[in-house]
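J.: Shown below is the structure under consideration.
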Amino acid sequence: MNHPAPAPAPAPGCPQGTAVLRLTGVTLHLGRDQQQVTALDAVDLAVAPGELVAVTGPSGSGKSSLLAVAGGLQSPTRGTVHVAGTDLTTLKEHQRTAHRRRHIGYVFQHANLFASLTAREQLLLTAHAAGRLDAATRRRADELLEAVGMSARAGHCPDRLSGGERQRVGIARALVLAPEVLLVDEPTSALDRARARDIVGLLAQQTRAHRTATVMVTHDHEILDTADRVLTLRDGRLT
C-alpha cells in the first residue's frame, strides 16, 4: 500500500507572510570546477519584525556568505531572498543597491569607514545617500553616537580612532535610518567584555523598538542570551 509522502518541514522562523527577511532554498557555490565549494546549502530562514536571530558556527561554515546573500551583496546560485516583500534575486544590480539603501542596515566585521570623514559625517553620509538627511536624522545620529559612547569622538576621523571605536561608529551608522532589516557581522570582535554587552544590548533594544528583523553572526557565546533565537550554521547548512 502506498503512503503519501510526509509534508516538508517548515522553514525556521515566523509564519509565511510575516517575515521581513526570508531566504528560501538558498544555495551558494563559490569557485569553479574542481575548486568549487558549497558555501550555503539549501538554507531556509525567516526573520520577523522585532526579532533578533543569532547565527553561530565554526570558521568557514558560511556565516559571512549568509549575510552577503541576505543583504543583496551577493546573488545565490539558487533560491530566493525576500527583503521587505521584494525578491532581491529578480533585481538588477542598481535596483538591489537602491533597495538595500532603503531597507537594510549592515554592520561589517571591519567598520569600513571613509578615511576623510569624521565619525558623525559617516552617519550623515548614509542618510544623505538614502535621501533622508533632515533635522530628525541629524538628531538621531547624535543620539546614536552618544548611545555607543562616541559623542566625545564624533569629530574625529578613523585614523584617530581605535579599532573598537571604529566598530562602534559602524554600528551607529547601520542604525541611523532605523532599517527594516539589520545584518550584523561579529559586532563584538574588537570590543572589551563590558562594551560588548552594552553594544549588543543596544542592538537588541533598537531591534525591538523599531520592529527590525536582525540577523547577528557571532562567535561570542556570552552574548547569545540577547537573541530571540540561536541557529547554527555548519558546512553551509542551517540548523
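The values are calculated or read from the model by the stated rules, or taken from the named source; none is laboratory data. The shown structure was predicted, so the numbers you read here are calculated from the model rather than taken from an experiment. Cβ sites come from the backbone with ideal geometry, for glycine too, and all protein chains shown count toward neighbours.
J.: Only one of A19, A48, A11, A5 is under 14 Å from the mean Cα position of the chain (by Cα) and either at pLDDT below 95 or on the phi < 0 side of the Ramachandran plot (or both). Can you tell me which? Walk me through how you get there before you give the answer.
T.: Values: A19 fails: under 14 Å from the mean Cα position of the chain (by Cα); A11 fails: under 14 Å from the mean Cα position of the chain (by Cα); A5 fails: under 14 Å from the mean Cα position of the chain (by Cα).
The unique qualifying residue is A48.
J.: Going through segment 37-80 one residue at a time, which ones are without any contact (Cβ under 8 Å) to a residue 60 or more places away in the chain and not hydroxyl-bearing (S, T, Y)?
T.: Within segment 37-80, V37, A46, G60, A68, V69, G72, L73, Q74, P76, R78, G79 meet the criteria.
J.: Restricting to segment 151-166, name every residue that is assigned to a loop (DSSP other than H, G, I, E, B) and under 15 Å from L124 (Cα atoms). Break it down into steps so the answer makes sense when it comes.
T.: Residues of segment 151-166 that are assigned to a loop (DSSP other than H, G, I, E, B), as a first pass: 154-157, 161-162.
The answer is A154, G155, H156, C157.
J.: For L66, work out the one condition from (1) surrounded by 18 or more Cβ atoms within 10 Å (Cβ to Cβ); (2) more than 15 Å from L182 (Cα to Cα); (3) in contact with a strand residue (DSSP E or B) (Cβ under 8 Å, 6 or more places away or on another chain) it doesn't fulfil.
T.: Only one criterion in (1) surrounded by 18 or more Cβ atoms within 10 Å (Cβ to Cβ); (2) more than 15 Å from L182 (Cα to Cα); (3) in contact with a strand residue (DSSP E or B) (Cβ under 8 Å, 6 or more places away or on another chain) is unmet by L66, namely (2).
J.: Which pairs have Cβ atoms under 6 Å, sit 6 or more apart or on different chains, and link a residue in segment 198-213 that is farther than 12 Å from L175 by Cβ and free of Cβ contacts under 8 Å to residues at least 12 places away in the same chain to one that is buried (at least 16 other Cβ atoms within 10 Å of the Cβ) and basic (K, R)?
T.: No pair meets every condition.
J.: Mind checking whether some residue in segment 104-117 is assigned to a helix (DSSP H, G or I), crowded, with 16+ Cβ neighbours inside 10 Å and touching a residue at least 24 places away in the same chain (Cβ under 8 Å)? Spell out the reasoning first.
T.: Restricting attention to segment 104-117, the residues satisfying the condition of being assigned to a helix (DSSP H, G or I) are none.
Checking segment 104-117: not a single residue is assigned to a helix (DSSP H, G or I), crowded, with 16+ Cβ neighbours inside 10 Å and touching a residue at least 24 places away in the same chain (Cβ under 8 Å).
J.: Quick check on segment 178-193. Is at least one of its residues without any contact (Cβ under 8 Å) to a residue 40 or more places away in the chain, small (G, A, S) and touching a helix residue (DSSP H, G or I) at 6+ places or on another chain (Cβ under 6 Å)?
T.: yes
J.: Of all residues being small (G, A, S) and outside any helix (DSSP H, G or I) in segment 182-206, which is nearest to T226 (Cα to Cα)? Just the residue, please. Steps first, answer last, please.
T.: Narrowing segment 182-206 to residues small (G, A, S): 189-190, 194, 196, 201, 204.
With the extra rule that they be outside any helix (DSSP H, G or I), the set shrinks to 189-190.
Numbers: S189: 16, A190: 19 Å.
Across segment 182-206, the extreme among qualifying residues is S189.
J.: Considering segment 103-123 alone, what residues qualify as being over 20 Å from the mean Cα position of the chain (by Cα) and among the aliphatic types (A, V, I, L, M)? Give the steps one after another, and end with the answer.
T.: The first filter runs over segment 103-123 and keeps only residues over 20 Å from the mean Cα position of the chain (by Cα), leaving 115-121.
Within segment 103-123, A115, L117, A119 qualify.
J.: Read through the list (1) surrounded by 19 or more Cβ atoms within 10 Å (Cβ to Cβ); (2) within 20 Å of G105 (Cα to Cα), then give the number of the only condition that L161 fails.
T.: Just one mismatch for L161, condition (2).
J.: Could you count how many residues in segment 122-138 are outside any helix (DSSP H, G or I) and either farther than 14 Å from A178 by Cβ or in contact with a Ser or Thr (Cβ under 7 Å, 6 or more places away or on another chain) (or both)?
T.: Filtering segment 122-138 for residues outside any helix (DSSP H, G or I) gives 130-134.
Filter once more, keeping what is either farther than 14 Å from A178 by Cβ or in contact with a Ser or Thr (Cβ under 7 Å, 6 or more places away or on another chain) (or both): 131, 133.
Residues flagged as outside any helix (DSSP H, G or I) and either farther than 14 Å from A178 by Cβ or in contact with a Ser or Thr (Cβ under 7 Å, 6 or more places away or on another chain) (or both) within segment 122-138 amount to 2.
J.: Here's a check for you: in segment 202-220, which residue that is under 20 Å from H110 (Cα atoms) and not hydrophobic (A, V, I, L, M, F, W, C) is surrounded by the fewest Cβ atoms within 10 Å (Cβ to Cβ)?
T.: Ranking the candidates gives H219 first.
J.: Turning to a different aspect of this structure: Residue under question is T232, and the condition is that it be over 27 Å from E143 (Cα atoms), of a type in the set (S, T, Y) and at pLDDT 95 or above; does it hold?
T.: Taking the combined requirement at face value, the residue satisfies it.
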